[in-house]
Structure formats: C-alpha cells, structure tokens
1. Under a point spin-label approximation (7 Å from Cα along Cα-to-Cβ), what is the residue 74-residue 314 distance to one decimal in nm?
2. May I ask you to work out the translational diffusion coefficient for region 72-187 at 25 °C, viscosity 0.890 mPa s, via Stokes-Einstein with Rh from the Kirkwood sum over Cα pairs, reported in whole µm²/s?
3. Computed FRET efficiency, Cβ-Cβ of residue 326 and residue 169, R0 45 Å: what is it to the nearest 0.05?
4. Just need the relative contact order of region 166-232 here, percent rounded to a whole number, with Cα pairs under 8 Å and 6+ apart.
5. Sort 355-362, 327-334, 13-20 by the packing proxy (mean of other Cβ within 10 Å over each peptide's residues), most packed first.
6. Output the 0 to 90 degree angle, nearest 10, between the alpha-carbon long axis of helix 180-192 and the longest principal axis computed from the alpha carbons of the chain.
7. Under 10 Å, Cα contacts only: if you run a Gaussian network model on the chain, which one of 89, 251, 119 comes out with the highest mean-square fluctuation?
8. Springs between alpha-carbon pairs under 10 angstrom, Gaussian network model over the chain: which of 145, 125, 219 fluctuates most?
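Read-outs throughout are calculated quantities, based only on the coordinates presented, and are distinct from any laboratory measurement. Remember, it's a predicted structure, so these values are computed and weren't measured experimentally. Ideal geometry is used to build each Cβ from the backbone, glycine not excepted, and the neighbour counts take in all protein chains shown.
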C-alpha cells in the first residue's frame with residue numbers, strides 16, 4: 001500500500017446546491033448551471049472516493065478492505081469497519097431542510113427496521129441509509145448562515161409576542177410550561193399540528209408581518225429576512241417561522257460549529273468544509289420537498305436550548321491547528337503553509353484537501369505527492385512520518401485524537 005493516493009470524488013447535485021462555489025473551488029466548468037451541493041471525500045459505501053495511483057484506480061472502501069491495518073492503523077481498524085468519517089465540501093445556494101441526525105442506537109434500530117420492512121435503499125420514504133450516527137463539524141470558507149439549536153423558551157415567547165400571529169396562539173401558550181423540555185416539545189407539536197388552512201394563513205401573515213417588522217429596524221432583522229425567504233420558497237410549511245425558535249448564526253470564514261446528534265438545524269447559505277461520522281442519515285422536519293417524518297425526528301431531538309459555539313482552531317505552534325470536537329470518529333485541522341515542513345499525524349488515516357496554493361505531501365520513505373487547490377488525497381496510516389510543505393492552506397480530516405490509540 002502506498003502512503004498517498006490522490007482522490008477522485010463524486011458530486012451530489014441536490015436542488016439546494018450552488019452552481020458556482022464547488023466548480024470554482026475545483027477549477028471546473030459548470031456550463032449546464034446545475035447545482036453542485038456536496039463533494040464527498042471518503043469511503044461511504046453509497047459513494048466512495050476513487051483512489052488514484054500509478055497502478056490504477058480503486059474505490060477507497062475497497063482499497064481499505066485489502067489491508068485495513070495498514071490503511072487505518074491498528075487501533076482504528078479494530079474499532080471501525082472502514083474509514084470512520086466522511087469529509088465534504090458543502091455549498092448551500094438555497095436553504096437546506098430543517099433536520100437532525102440520529103444517535104447510534106436510533107440509527108441502528110431504524111436501519112434494521114427499514115431493512116426488515118423491505119424498503120429499497122433509494123426509497124423516497126426511507127429515513128436511514130446506514131446504521132451509524134452523524135455528529136458533524138462545519139467550517140466556513142465564505143460567510144455562512146445557519147440556524148442551529150432551540151432558543152430558550154422565554155426568547156421564543158418574546159419573538160412570538162413581537163410577531164403576533166393569531167394562528168400561533170396555542171404554540172405560544174405551550175411555552176408557559178415550567179419545564180423547558182416539555183415547553184419546547186409541546187411548542188413543536190402545536191406548530192406542526194396546524195391545519196392546512198392555518199398553515200396557509202401562517203405563510204400569508206408571516207410574509208406581511210416580517211416585512212412590517214423589517215421596516216421598523218432593530219436587532220432581529222435576520223429573523224424577518226429569513227422568514228420572508230422561507231415563505232417565498234416553501235409557502236404552507238409551518239417551518240417558515242423556524243427563525244423564531246432556532247438560533248440564527250452567521251459564521252465568518254474560518255469559523256466552525258460542532259453539532260452532536262439530536263440538534264435541530266438548517267444550513268441556509270454559504271460554502272464550507274464539513275466533516276462527520278461516516279453516515280448519510282438525515283431526519284427532516286420541514287423546508288424541503290423530500291421525505292419528512294416528524295415522529296422519527298421528534299424521537300431523536302434534544303428538546304433543550306442549544307447554542308453552538310462559534311470556534312476557531314487551537315494551534316500546536318507548528319502550523320497544524322485543530323478544531324475542538326468531542327468525537328471518536330473524526331477531527332478537523334487546518335494547516336497554513338508558508339514554505340515550512342509541517343508534521344501530520346502518524347499512525348492514523350487522513351484525508352487532505354487544498355483550499356489555497358500548492359501543498360506537497362512527503363513521507364520518510366521518500367514518497368511525495370503534490371496537490372493544487374481543489375485536489376485531495378488519502379494518507380494511509382502506515383505512512384512513515386507524514387509531513388506537508390508548500391505555500392497555501394489545506395484542511396485535514398482524521399480520526400478523533402483522543403481515540404486514535406497513537407499520539408497526535
């Protein structure tokens with residue numbers, strides 16, 4: 001097994017994708033103007049990267065299966081069946097669905113249940129594509145807007161009072177429940193129990209009222225802007241008022257957020273790198289034409305206020321900085337090359353993608369691989385003393401440092 005394999009990665013053309021962000025990053029044309037939503041780097045069985053070398057090409061999951069210990073390292077190979085993370089470019093030209101991801105137990109039960117029911121892997125009403133959980137971290141490459149985590153009930157109540165929508169009276173009343181989890185759970189139940197007529201009335205009211213509140217000015221303009229945008233795209237969906245109950249965030253380039261399982265969220269607009277456990281499980285709750293399963297979503301949600309921290313990476317003083325994330329499957333680092341040699345983690349598998357400039361990978365055995373902007377590579381765990389040099393910036397995905405079984 002070689003130390004380094006350049007990767008050829010697949011693109012997902014979901015409707016919410018941007019027609020320009022990923023093609024421009026990769027230096028590729030998009031003459032059709034189709035949306036490019038995600039680029040997948042990893043060994044997920046539904047869409048593995050292709051590992052390229054002088055010997056030919058092979059799917060990354062198959063390459064790893066040939067010699068898991070050399071590819072993944074002994075500790076990772078004994079803990080996981082394959083590469084435990086999925087690395088992505090994510091380009092949101094339109095809002096993604098409001099969604100959450102299951103924990104391991106729920107994913108395992110749901111995947112087994114749907115398999116036993118005979119649901120095809122590509123069935124419209126399938127919730128579970130695999131049996132894994134999907135915590136994730138996203139780092140913005142451009143300004144990135146998102147909604148993440150429930151606001152505290154008292155803040156939701158204050159925004160609803162300002163909004164003053166008659167059809168939300170019962171949902172507003174639910175927030176008076178003393179226990180936060182019960183208040184949030186009952187609020188969501190009331191909101192999504194609205195009749196078809198009330199849902200239509202909500203959208204009509206929301207568009208007019210948000211415009212009025214925007215004209216007044218104030219600190220909540222981002223909420224009113226989002227509500228108007230959601231009404232335009234998804235009229236009749238009660239989730240058009242989601243900015244009233246979810247935290248509205250704006251990440252600057254270089255900032256990141258970590259989301260554990262069970263956190264309701266929606267990425268709204270922007271371009272970033274995303275790293276997660278090796279899963280494609282998504283439970284949706286609105287703002288989408290895809291399958292929505294509120295019962296299954298509610299079974300995984302954490303009904304508690306949650307405000308993700310906007311964070312930067314922690315430096316090691318040697319050019320490789322890592323974003324904090326308490327997850328055994330992955331860790332995300334960024335390297336800034338100014339011509340110096342930067343040591344990479346040893347004994348663990350990694351995937352690197354160059355965001356700016358040119359980066360050259362090298363090992364103690366003399367193997368090298370040069371990568372330009374938009375190019376990516378798999379670094380096997382057996383690589384002796386991997387290092388990177390050059391002038392540019394790259395993101396490196398690897399296993400969680402606390403769970404790798406080797407020193408960082």
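1. Here the modelled spin labels are 2.7 nm apart.
2. After rounding, the answer is 133 µm²/s.
3. E between residue 326 and residue 169, to the nearest 0.05, is 0.65.
4. Once normalised by length, the contact order is 25 percent.
5. Packing order, densest peptide first, comes out as 327-334, 355-362, 13-20.
6. The two axes meet at around 70 degrees.
7. Highest fluctuation among the options: 119.
8. Answer for the Gaussian network model of the chain: 219.
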